[in-house]
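Visitor: Pasting a structure here, questions to come.
The values are calculated or read from the model by the stated rules, or taken from the named source; none is laboratory data. Everything numeric here is computed off the predicted structure, so don't read it as measured data. Here the Cβ is made from the backbone with ideal geometry for all residues, glycine too, and neighbour counts use every protein chain on show.
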Amino acid sequence: MNVKEMVELCQRHTMYTWSAGNNVQPLPFARAEGVYFWTHEGKRFLDFNSQLMSVNIGHSHPKVIAAMKDQLDTLLYAFPGSATEPRARLGKLLAEITPGDINTFFFTLGGAEANENAIKAARMYTGKHKIISRYRSYHGATNATMQLTGDPRRWASEPGMPGVIRVMDPHPYHFSFGDSDEEVTRANLQYLEEVIMYEGPQNIAAMFIEPVTGTNGILPPPKGYLQGLRDLLTRHDILMVCDEVMAGFGRTGKMFAVDHAGVVPDIITMAKGLTSSYIPLGAMGICDKIAEHFRENVFWGGLTYNSHPLSLATALAAVDVIRSEGLVENAAAMGVVMREEMDRLQAKHPCVKEGRCIGLFGMMDLQKNAAGERMAPYNGTSPAMQELGSFFREEGLFTFMRWSSFMCNPPLCINEEQLREGFAIIDRGLDLVDKHFEG
């Protein structure tokens, strides 16, 4: 099949995510290795977004591929009520690397499904119905998680699951809770506690957060926020659920983002980096008190592919690569380089409003004037952002544009030369955007 035919058939017979089919210009992939992938014509792209912030170990790692092949020859499928060696080993491994007393895991096929089951577990365990989430959050695109999601992607699915209370993040889109981390933390938590009062803590089962907000800004929490939130929720008998689907498995320079604050949630969800997206897998991890409850009470959840042996074996190999090859440490070290490059570009280009990163979890915001007005409107785009996106594609840099921002989330195996290669392309692209800056 030639490339033109492949693309045409994909567009004619398949649907694309978050898109009107006639507007999609799919990028044809041929092969991938490390931090690069190639089209059928041989054009090389630097994968500056780890595809969907998920190929943490890089593409086509031979150890993981070998483990997948071994599992194919051993046991390809077992129903969710079975015991298998990959299931036993991965449960034990995750209990060793997750925070505190998160020792029990429910295996799913992705992050949204992990969050769906976390909603169920929180409601069944507490007997309460309401769930708090934040406006600048993303928790998945299934029926329930779409409503936990605060960003505009949920609009088309409303009304959805009832019982969701959405609150402001510590870093709202247009205004600030304060000038310092201390002021922001104090003001946001005071505001949150008042919302809890209005809704009734006796009615609220859990609060879902991304410990570092992902697609809606790459927003690390202000100093003291996670500790303060943990204390506030505990005081009101509300479970803390941390969605580590995007931030987990080394992305932030720690194994999990909550590790930066030393916080232990009641429930943690994960996917993406768990297998580096070599195959679908997600997991919900629960603390000992919740696990004990479900040893005596039925957990009403399960699908055909839960605890799939091939996915679990892949995760074992992928996590081993992260640990044995020092990818968490590399993410922390390369995060320093990313910070340096972002600062350099902000000093050079008037169109740069801000760059943020924690480890290799980064985003840059662009502005169209000195007043800081964003280069594109909320939930929209602009000629400048479209021009920049086209330039990146032409120059072989793969990343995602998000309104007036773009992502900087390369695989954790990237080295300094490759990272600076990416920022050199960005530098040239920002020259084009500067022409749209209004002064």
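Visitor: Of the residues T185, T149, T98, T108, which single one is in the same structural domain as T275 (by TED's automatic domain parsing), among the hydroxyl-bearing types (S, T, Y) and out of contact with any Phe, Trp or Tyr (no Cβ under 8 Å at 6 or more places or on another chain)? Reasoning before the result, please.
Guide: Numbers: T185 fails: out of contact with any Phe, Trp or Tyr (no Cβ under 8 Å at 6 or more places or on another chain); T149 fails: out of contact with any Phe, Trp or Tyr (no Cβ under 8 Å at 6 or more places or on another chain); T98 fails: out of contact with any Phe, Trp or Tyr (no Cβ under 8 Å at 6 or more places or on another chain).
None of the others qualify; the one that does is T108.
Visitor: A further question on this structure: So, restricting to helices (runs of 4 or more DSSP H) that lie completely within region 37-136, which ones have at least 3 residues that are touching a Gly at 6+ places or on another chain (Cβ under 8 Å)?
Guide: Counting at least 3 such residues, we get 111-126.
Visitor: Can you pull out every residue in region 292-329 that is of a type in the set (V, I, T) and either touching a Leu at 6+ places or on another chain (Cβ under 7 Å) or in contact (Cβ under 8 Å) with a residue 24 or more places away in the chain (or both)?
Guide: Result: T304, T314, V319, V321, I322, V328.
Visitor: Right, next: If the requirement is being touching a strand residue (DSSP E or B) at 6+ places or on another chain (Cβ under 6 Å) and either among the hydroxyl-bearing types (S, T, Y) or assigned to a helix (DSSP H, G or I) (or both), which of these qualifies: Q346, Q418? I'd like the intermediate steps shown before the answer.
Guide: Working: Q418 fails: touching a strand residue (DSSP E or B) at 6+ places or on another chain (Cβ under 6 Å).
None of the others qualify; the one that does is Q346.
Visitor: Does region 158-179 hold any residues that are under 28 Å from D365 (Cα atoms), exposed (fewer than 15 other Cβ atoms within 10 Å of the Cβ) and under 26 Å from the mean Cα position of the chain (by Cα), and which are they?
Guide: P172, Y173, H174, F175, S176
Visitor: If you take the residues in region 340-353 that are touching a Gly at 6+ places or on another chain (Cβ under 8 Å) and within 18 Å of P220 (Cα to Cα), which one is surrounded by the most Cβ atoms within 10 Å (Cβ to Cβ)?
Guide: The residue in question is M342.
Visitor: Sticking with this one: Could you count how many residues in region 229-254 are crowded, with 21+ Cβ neighbours inside 10 Å and farther than 26 Å from M401 by Cα?
Guide: Looking only at that region, the number is 6.
Visitor: Looking only at region 153-201, filter to residues that are of a type in the set (F, W, Y) and in a helix (DSSP H, G or I); which one of those is farthest from L226 (Cα to Cα)?
Guide: Top of the filtered list is W155.
Visitor: How many residues does region 412-439 contain that are among the hydrophobic types (A, V, I, L, M, F, W, C), surrounded by 15 or more Cβ atoms within 10 Å (Cβ to Cβ) and more than 11 Å from H349 (Cβ to Cβ)?
Guide: Number of matching residues: 6.
Visitor: Give me the pairs: first residue in region 330-354 and more than 29 Å from H174 (Cβ to Cβ), second residue of a type in the set (G, A, S), beta-carbon distance under 8 Å, and six or more apart or on different chains, which are they?
Guide: So the pair list comes out as A331/G250; A331/G253; A331/G359; A332/G253; A332/G359; M334/G359.
Visitor: Which condition number in (1) in contact (Cβ under 8 Å) with a residue 60 or more places away in the chain; (2) more than 27 Å from R154 (Cα to Cα); (3) crowded, with 16+ Cβ neighbours inside 10 Å is the one that Y77 fails?
Guide: (3)
Visitor: Could you give me the residue pairs with C-beta distances under 9 Å whose first residue belongs to region 383-408 and is in the same structural domain as I425 (by TED's automatic domain parsing) and hydroxyl-bearing (S, T, Y), whose second residue is buried (at least 22 other Cβ atoms within 10 Å of the Cβ) and part of a helix (DSSP H, G or I) wherever it lies, and which are 6+ apart or on separate chains?
Guide: T399/F392; T399/G422; T399/I426; S404/M385; S405/M385
Visitor: To continue, here is another question. Might you check whether a residue that is in a loop (DSSP other than H, G, I, E, B), more than 26 Å from Y77 (Cα to Cα) and among the basic types (K, R) occurs anywhere in region 247-255? Give the steps one after another, and end with the answer.
Guide: First pass over region 247-255, keeping only residues in a loop (DSSP other than H, G, I, E, B): 247-255.
Narrowing the set further to residues that are more than 26 Å from Y77 (Cα to Cα) leaves 247-248, 250-255.
Pick out the ones that are also among the basic types (K, R) and you get 251, 254.
Scanning region 247-255, I find at least one residue that is in a loop (DSSP other than H, G, I, E, B), more than 26 Å from Y77 (Cα to Cα) and among the basic types (K, R), so the answer is yes.
Visitor: Just one of the numbered conditions (1) modelled with pLDDT of 95 or more; (2) at negative phi; (3) buried (at least 17 other Cβ atoms within 10 Å of the Cβ) is not true of G140; which one?
Guide: (2)
Visitor: For region 255-280, which positions are under 20 Å from M338 (Cα atoms) and surrounded by fewer than 24 Cβ atoms within 10 Å (Cβ to Cβ)?
Guide: M255, H260
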